[in-house]
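Notes to accompany the following structure.
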Amino acid sequence: MKYAIVLAAGKGTRMKSSINKVMHPIADKPLIGHLVDRLKKLNVDQIDVVVGYQQDQIREYLKDSVRYSEQLEQKGTGHALLHVDSLKDKKGKTIILYGDCPLVQTETIQMMFEEGEKADLVVLSAKLEDPGVYGRIVRNSLGEIIRIVEFKDANQEQRRISEINTGIYCVDNELLFKYLPQITNHNHSQEYYLTDIVELFTNNGHKVKAVRVDDIDEVMGINDRKQLAKADAWLKERINNHWMREGVTIVDPQNTYISEDCVIGQDTTIHPNVVIKGKTTIGTNTIITSNSWLENATIGDNTKIESSKIIDSRVDNNCTVGPFAHLRMSTHVMDDNRLGNFVEFKNTIFHKNSRCAHLTYLGDCEVGEDVNIGCGVVTVNYDGKNKYRTEIKDGAFVGSNCNLIAPIVIGKNAVIAAGSTISKNVLDNDMVIERADVITKKEGGLKYKNKKKLEGDKK
Ligand code: UD1
Ligand code: CA
């Protein structure tokens, strides 16, 4: 059996935040989300998260995708593990991760499980030019790891050791819970250090191994905002490099923000300052121009999204959208459509080959094929209390500056004359015009202007 424990009960004081440290996002996902998602990919049998400080935030995000253990008082990483009751006495290998070390890659965790087959405890270490305040790996003359010394407790000589503890372990589960209660807090911080488990294992003749990771950034711990920004930049670069290798043109990778769960097709071009969030999918040969914001969006092939915001919505193939369009709440724009500037669709289905080129709001609406929506059309879908639907059937033509007061159905091939406010259903093939009569005053314009001029001269 394979288990995982993620420690996330600590205060994270150095973040100076009312948000739990592991809930701060990098690449659009909370730190803890990255770890849990990777563990899920590895089909770990049980994932246990130790929570304490601000635990509501973590529980609300991870919901029942993991088990929780509560550590109400944070007395150290060793003390935290003692609270994982659900794993006590279980046979198998356990990966231990710290919630504030979110960049560790799936392959590295997998490698730790494999190394775990060869020893009772495996510690992932790294050699750093500047080992900072990380715990130091102490080896004997044979080069075997014998203990980990925390920076605060280390003497001058130990502080010069450049091999550090990344805080990632794979351990025999039964031995872990056998020795955890023997950890004491006789140290500088008066905390129960998990790292003391190494010495307990070696003293009792169990096999301990330290495996070194090559990419030191991958095991970066995040304790403050500076490290958060560094981790974010690292992950962003990695994600962007991945998509460029897959054949996506990213014009300015420094200023392109793609979340880890997005998929982008070949020959698609992403212009500078684009944000692609959540679970967004983009097809091939598509162009996304600057300042677009796509969140849980599905975009097809050969489509152009110009400086637009698309949230929880879908745009299919061969479409152009924008500039400055806003599509939201399960909107679905099908193939061969053109939406122009300042068009907002909310919960709207727009069938094939229709047009909506300027300044329009369609809400709770279904539009058929080959429909033309003129400039400035508004579905009046809200009476202050309830929302109502509008249906515009195939081939209809809605002139400019019309209000469609929902609930309403505009029939097939119907024509709504420009400027009309329509509150009754329109039958197939009919034309409706709603306009006040025009009063013409012969030369009235000229008279009006002259009168105004006279008034001005008097003042
Ligand atoms: C820890 C390691 C150190 C290692 C470094 C790597 C120990 C004693 N030290 O130090 O050797 O180099 O990580 O980044 O383990 N936590 C709890 N409950 C607690 C205390 C901490 O759940 O009582 C959690 C925190 O929320 C955090 C993680 O454990 O996610 C690590 O704690 P932190 O205080 O950041 O440890 P470091 O000082 O960074
Ligand atoms: Ca830390």
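For the condition in contact (Cβ under 8 Å) with a residue 24 or more places away in the chain, surrounded by fewer than 23 Cβ atoms within 10 Å (Cβ to Cβ), of a type in the set (Asp, Glu) and outside any loop (DSSP other than H, G, I, E, B), what is the one hit in GLU115, GLU129, GLU107? Outline the logic, then answer.
On the way: GLU129 fails: outside any loop (DSSP other than H, G, I, E, B); GLU107 fails: in contact (Cβ under 8 Å) with a residue 24 or more places away in the chain.
Just one listed residue meets the conditions, GLU115.
How do the strands (runs of 3 or more DSSP E) wholly within the stretch 324-405 filter down when requiring 3 or more residues that are among the β-branched types (Val, Ile, Thr): which remain?
Working: elements: 326-328, 338-350, 355-367, 378-380, 390-392, 403-405.
Strands (runs of 3 or more DSSP E) meeting the threshold: 338-350, 378-380.
So in the stretch 67-93, with the set limited to residues that are within 13 Å of ligand 1 (Cβ to nearest atom) and among the aliphatic types (A, V, I, L, M), which one is farthest from ILE197 (Cα to Cα)?
Step one: list which residues in the stretch 67-93 are within 13 Å of ligand 1 (Cβ to nearest atom), which gives 68-84.
Keeping just the survivors that are among the aliphatic types (A, V, I, L, M) gives 72, 80-82, 84.
Working: LEU72: 22, ALA80: 13, LEU81: 11, LEU82: 12, VAL84: 16 Å.
Looking at residues that are within 13 Å of ligand 1 (Cβ to nearest atom) and among the aliphatic types (A, V, I, L, M), I get LEU72.
Of all residues in the stretch 271-298, those that are outside any loop (DSSP other than H, G, I, E, B) and under 17 Å from the mean Cα position of the chain (by Cα) total 10. Within the stretch 202-214, not a single residue is of a type in the set (Asp, Glu), touching a helix residue (DSSP H, G or I) at 6+ places or on another chain (Cβ under 8 Å) and under 30 Å from GLY132 (Cβ atoms). For the stretch 177-208, a tally of residues being buried (at least 17 other Cβ atoms within 10 Å of the Cβ), in contact (Cβ under 8 Å) with a residue 60 or more places away in the chain and either within 14 Å of ligand 1 (Cβ to nearest atom) or not assigned by TED's automatic domain parsing to the domain that holds PRO131 (or both) returns 10. Restricting TYR169, TYR134 to residues that are assigned to a loop (DSSP other than H, G, I, E, B) and closer than 22 Å to ARG38 by Cβ narrows the list to TYR134.
Just checking, which of ARG160, ARG136 is assigned by TED's automatic domain parsing to the domain that holds LEU103, touching a strand residue (DSSP E or B) at 6+ places or on another chain (Cβ under 9 Å) and touching a residue at least 12 places away in the same chain (Cβ under 8 Å)? Show your work before the answer.
Working: ARG160 fails: touching a residue at least 12 places away in the same chain (Cβ under 8 Å).
Just a single option satisfies the conditions, and that option is ARG136.
When ASP214 is tested against (1) at pLDDT below 95; (2) assigned to a helix (DSSP H, G or I), just one condition goes unmet, and that condition is (2).
Based on what the data block shows, is ARG14 under 22 Å from the mean Cα position of the chain (by Cα) and assigned to a helix (DSSP H, G or I)?
Values: under 22 Å from the mean Cα position of the chain (by Cα): no; assigned to a helix (DSSP H, G or I): yes.
Answer is no for this residue.
When LYS91 is tested against (1) in contact (Cβ under 8 Å) with a residue 40 or more places away in the chain; (2) of a type in the set (D, E, K, R); (3) closer than 26 Å to ASP217 by Cα, only condition (3) is not met. Considering only residues that are among the polar types (S, T, N, Q) and more than 22 Å from SER17 (Cβ to Cβ), look in the stretch 33-62 and name the one that is farthest from the chain's Cα centre (by Cα). The residue in question is GLN46.
Being part of a strand (DSSP E or B) and hydroxyl-bearing (Ser, Thr, Tyr) is the filter here; which residues of the stretch 255-270 pass it? THR256, TYR257, THR269, listed by residue number.
Return yes when ILE258 is under 20 Å from the mean Cα position of the chain (by Cα), surrounded by 18 or more Cβ atoms within 10 Å (Cβ to Cβ) and within 16 Å of ligand 2 (Cβ to nearest atom) and no when it is not. Write out each step before concluding.
Details: under 20 Å from the mean Cα position of the chain (by Cα): yes; surrounded by 18 or more Cβ atoms within 10 Å (Cβ to Cβ): yes; within 16 Å of ligand 2 (Cβ to nearest atom): no.
It is false that ILE258 is under 20 Å from the mean Cα position of the chain (by Cα), surrounded by 18 or more Cβ atoms within 10 Å (Cβ to Cβ) and within 16 Å of ligand 2 (Cβ to nearest atom).
Residues that are acidic (Asp, Glu) and crowded, with 17+ Cβ neighbours inside 10 Å within the stretch 371-415 comprise GLU391, ASP394, listed in sequence order. Every listed requirement among (1) touching a residue at least 40 places away in the same chain (Cβ under 8 Å); (2) within 15 Å of ligand 2 (Cβ to nearest atom) is met by ASN20 save one, (1). Do you know which of the residues in the stretch 209-233 that are without any contact (Cβ under 8 Å) to a residue 12 or more places away in the chain and away from ligand 1 (no atom under 16 Å from the Cβ) is nearest to GLN105 (Cα to Cα)? Among those that are without any contact (Cβ under 8 Å) to a residue 12 or more places away in the chain and away from ligand 1 (no atom under 16 Å from the Cβ), it is ASP214. Out of curiosity, is LYS304 crowded, with 17+ Cβ neighbours inside 10 Å and within 22 Å of the chain's Cα centre (by Cα)? No. In this structure, is ASP64 assigned to a helix (DSSP H, G or I) and either within 10 Å of ligand 1 (Cβ to nearest atom) or in the same structural domain as PHE177 (by TED's automatic domain parsing) (or both)? Criteria met by ASP64.
The values are calculated or read from the model by the stated rules, or taken from the named source; none is laboratory data. Just so it is clear, the structure is predicted and the values come from calculations on it, not from any experiment. Every residue, glycine as well, gets a Cβ built from its backbone with ideal geometry; the counts of neighbours run over all protein chains shown.
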